[in-house]
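All remarks here apply to the structure that follows.
The values are calculated or read from the model by the stated rules, or taken from the named source; none is laboratory data. Predicted, not measured: the structure shown is a model, and the values here were computed from it. No Cβ is skipped: glycine too gets one built from the backbone with ideal geometry, and neighbour counts run over all protein chains shown.
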Amino acid sequence: MLANYSRVSHDKRYRSVFANTFEQAQETSQGFINQYYDDEGWWALAWIDVYDLTKKPQYLAMARSIFADMAGGWDSTCGGGIWWSKDKNYKNAIANELFLSVAAHLAARSTNSARERARYLDWAHREWYWFAASGMINEQHVINDGLDFRTCQNNQGNTWSYNQGVILGGLVELNDAVPDPVLPATAQAIASAALAKLTDANGILHDSCEPNCGVDGVQFKGIFVRNLMALDQARPDPRYKTFFNINAQSIWNTSRNTKKQFGEVWSGPFDAGNAAIQSSALDAFVAAEASRSQGR
């Protein structure tokens with residue numbers, strides 16, 4: 001979110017946060033590696049975004065190193081895909097969407113050799129073909145949480161907003177690297193389904209866990225918005241701009257306290273604010289501003 005904010009606002013005040021986080025977070029997870037492949041994917045995408053903003057090579061190098069560990073989570077169980085954790089007890093949507101997105105992002109930023117670019121593209125395409133055939137994208141074009149380990153079929157799990165989001169950014173990047181009309185068309189179908197099925201009558205985005213989404217679930221909506229912003233920049237759609245504006249205005253008008261903290265439920269009223277909730281709300285503001293600055 002801070003990288004996107006810095007990019008949209010042309011504000012350099014927060015760049016020290018990136019360098020500080022790069023150093024301090026490794027005190028608990030050296031190389032940003034831990035037991036969960038999805039955690040690693042979030043870090044990889046973050047450092048790619050910071051690299052795009054700063055052009056400092058250590059951030060891209062870290063993303064490559066993280067991806068190498070993620071790739072170790074791929075095996076033939078259920079025909080492919082990476083595991084959610086290194087315990088190897090669940091294959092789910094988010095870990096594989098992140099794997100796709102990181103691979104596609106790295107392919108587009110491969111500066112060392114054509115062979116390196118081809119390797120990342122191979123992973124991205126392999127992941128996409130597996131994911132598209134896995135059944136996790138259901139008939140309504142929304143994405144269930146994962147696979148039933150016993151049957152390797154869609155487990156009909158919850159359709160979290162972030163699962164509808166990360167895939168959008170991954171498909172945009174993959175299409176930029178190797179254009180294929182199926183990719184943006186699929187992204188647009190998923191985005192349309194999410195806007196139809198995960199919003200209320202006023203167009204405000206919700207997750208089913210509200211108002212108690214825990215320490216990570218409160219970020220899900222911001223992740224969706226951030227990736228929809230990427231799709232909007234690649235394939236502009238007036239519905240996306242309307243969505244950004246409606247949600248940003250609702251947060252500001254109905255889910256804000258006197259300290260300028262924003263709540264978990266974007267339709268209000270304000271409930272509680274913390275860093276994760278704040279970052280999610282700020283994603284909505286950044287997306288609204290980005291669409292406005294594009295002149296649409």
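Just a few scattered comments:
- Unmet criterion (only one of (1) part of a helix (DSSP H, G or I); (2) surrounded by 15 or more Cβ atoms within 10 Å (Cβ to Cβ); (3) more than 18 Å from the chain's Cα centre (by Cα)) for R292: (2)
Residue-wise test of (1) in a helix (DSSP H, G or I); (2) touching a residue at least 40 places away in the same chain (Cβ under 8 Å); (3) in the same structural domain as E127 (by TED's automatic domain parsing); (4) more than 17 Å from G169 (Cβ to Cβ).
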| residue | (1), (2), (3), (4) |
| --- | --- |
| D39 | yes, no, yes, yes |
| L45 | yes, yes, yes, no |
| A61 | yes, no, yes, yes |
| S65 | yes, no, yes, yes |
| A68 | yes, no, yes, yes |
| C78 | yes, yes, yes, yes |
| N89 | no, yes, yes, yes |
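- Complete set of residues in the range 238-277 that are in a loop (DSSP other than H, G, I, E, B), charged (D, E, K, R) and either surrounded by 13 or more Cβ atoms within 10 Å (Cβ to Cβ) or within 23 Å of the chain's Cα centre (by Cα) (or both): E264, D271
- For the range 188-209, the condition holds for at least one residue, the condition being that it is among the acidic types (D, E) and in contact (Cβ under 8 Å) with a residue 60 or more places away in the chain.
- Selection from the range 15-37 of residues that are surrounded by 13 or more Cβ atoms within 10 Å (Cβ to Cβ) and part of a loop (DSSP other than H, G, I, E, B): S29, I33, N34
- Of the residues making up the range 167-220, just one is under 13 Å from V265 (Cβ atoms), in contact with a Lys or Arg (Cβ under 9 Å, 6 or more places away or on another chain) and not in a loop (DSSP other than H, G, I, E, B), namely L205.
- Of the residues making up the range 131-145, those that are within 24 Å of F220 (Cα to Cα) and out of contact with any Ser or Thr (no Cβ under 9 Å at 6 or more places or on another chain) are F131, S134, G135, M136, E139.
- Condition met for K55 (touching an Asp or Glu at 6+ places or on another chain (Cβ under 9 Å), surrounded by fewer than 15 Cβ atoms within 10 Å (Cβ to Cβ) and more than 24 Å from A275 (Cβ to Cβ)): no
- Among residues of the range 125-141 that are within 13 Å of N154 (Cα to Cα), none has a beta-carbon under 7 Å from a residue that is surrounded by fewer than 21 Cβ atoms within 10 Å (Cβ to Cβ) and at pLDDT below 95 at least six positions away or on a different chain.
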